[in-house]
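Notes follow the structure.
Throughout, read-outs are computed from the coordinates displayed, never taken from laboratory work. Source: prediction; values computed, not measured. Ideal geometry is used to build each Cβ from the backbone, glycine not excepted, and the neighbour counts take in all protein chains shown.
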Amino acid sequence: MRHFGAILLVLVLSSRAPAQQFSGDDACVDGRCPLQAAPSAPSAADLRVDARPIARIVNQRGAVRAAGTGTLVDVDADGGLVITCAHLFREGTGAVSVTFPDQATLAAKVEKIDADADLAALSIPTTTIEPVTVATTYPRRGDSLVSCGYGGDGRLWCNRGQALGYVATANGQNLETLELSGAARFGDSGGPVLDRDHQ
């Protein structure tokens with residue numbers, strides 16, 4: 001089943017990003033790392049976002065509701081695979097739903113949670129929505145990126161920024177977190193970070 005391979009691929013790519021090697025031109029001085037100048041200013045066309053595979057995720061446990069964002073990364077005849085953040089399920093799993101733009105809400109099943117990497121894989125019924133392609137390379141400092149999420153109000157919003165680099169997490173697992181310029185809101189967690197190729 002392709003879903004199993006996609007779960008492994010996404011969990012491995014997302015949680016085990018190798019340390020980035022930068023050339024001497026990118027050297028940090030006194031802990032301050034300048035952004036790379038982009039070859040040309042990014043245009044709206046460079047950073048276009050197809051919102052169709054970006055979903056609002058809700059974990060409803062009785063009167064308690066946790067909401068975030070997720071991304072469809074795989075679809076086959078058996079169903080779809082949505083990746084989101086694990087902390088939506090920190091207090092437990094209730095009725096989980098996934099809502100794509102202009103689509104009916106779908107029931108979802110939590111297939112795998114990796115709390116250390118803050119990732120969760122959800123399965124949904126099969127859909128005609130095209131999934132986002134998982135990139136095979138990591139963003140480099142200065143790359144133009146777009147991060148998207150539904151925030152607390154359930155409205156999709158996208159931040160256009162630049163990759164600032166990678167920082168090690170505090171959990172001792174040698175995991176790294178991509179930092180990018182701009183802002184994120186509560187409820188954006190689990191949303192995609194997309195490059196110029198919409199990957």
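When you go through Thr137, Thr177 one by one, which is the residue that is of a type in the set (Val, Ile, Thr) and assigned to a loop (DSSP other than H, G, I, E, B)?
Details: Thr177 fails: assigned to a loop (DSSP other than H, G, I, E, B).
Criteria check complete, one pass: Thr137.
Given the criterion closer than 25 Å to Val58 by Cα, among the hydrophobic types (A, V, I, L, M, F, W, C), touching a strand residue (DSSP E or B) at 6+ places or on another chain (Cβ under 7 Å) and not in a loop (DSSP other than H, G, I, E, B), identify the matching residue among Leu145, Leu122, Leu164. Even if it seems obvious, please write down each step before you answer.
Working: Leu145 fails: closer than 25 Å to Val58 by Cα; Leu164 fails: closer than 25 Å to Val58 by Cα.
Within the list Leu145, Leu122, Leu164, the selection yields Leu122.
Tell me which of these Val167 doesn't satisfy, since it passes every other one: (1) of a type outside the set (S, T, N, Q); (2) surrounded by fewer than 18 Cβ atoms within 10 Å (Cβ to Cβ); (3) in contact with a Lys or Arg (Cβ under 8 Å, 6 or more places away or on another chain).
Going through (1) of a type outside the set (S, T, N, Q); (2) surrounded by fewer than 18 Cβ atoms within 10 Å (Cβ to Cβ); (3) in contact with a Lys or Arg (Cβ under 8 Å, 6 or more places away or on another chain) one by one, Val167 breaks only (3).
List every residue pair whose Cβ atoms sit under 8 Å apart, with the two residues 6 or more apart in sequence or on different chains, where the first one lies in the range 72-88 and is more than 22 Å from Tyr150 (Cα to Cα) and the second, anywhere, is of a type in the set (Lys, Arg).
Asp76/Arg2
I'd like to verify a number: residues in the range 107-119 that are closer than 21 Å to Gln199 by Cα and either outside any loop (DSSP other than H, G, I, E, B) or among the small types (Gly, Ala, Ser) (or both), how many? So that I can check it myself, show each step before the final result.
First, pick out the residues of the range 107-119 that are closer than 21 Å to Gln199 by Cα: 117-119.
Going one step further and asking which of them are either outside any loop (DSSP other than H, G, I, E, B) or among the small types (Gly, Ala, Ser) (or both), we end up with 117, 119.
Count: 2.
Just to be sure I understand, how many residues within the range 91-101 are closer than 16 Å to Asp188 by Cα and in a loop (DSSP other than H, G, I, E, B)?
Looking only at that region, the number is 2.
From (1) more than 21 Å from Phe186 (Cβ to Cβ); (2) part of a loop (DSSP other than H, G, I, E, B); (3) small (Gly, Ala, Ser); (4) in contact with a strand residue (DSSP E or B) (Cβ under 9 Å, 6 or more places away or on another chain), pick out the condition that doesn't hold for Ala104.
Of (1) more than 21 Å from Phe186 (Cβ to Cβ); (2) part of a loop (DSSP other than H, G, I, E, B); (3) small (Gly, Ala, Ser); (4) in contact with a strand residue (DSSP E or B) (Cβ under 9 Å, 6 or more places away or on another chain), only one is false for Ala104: (4).
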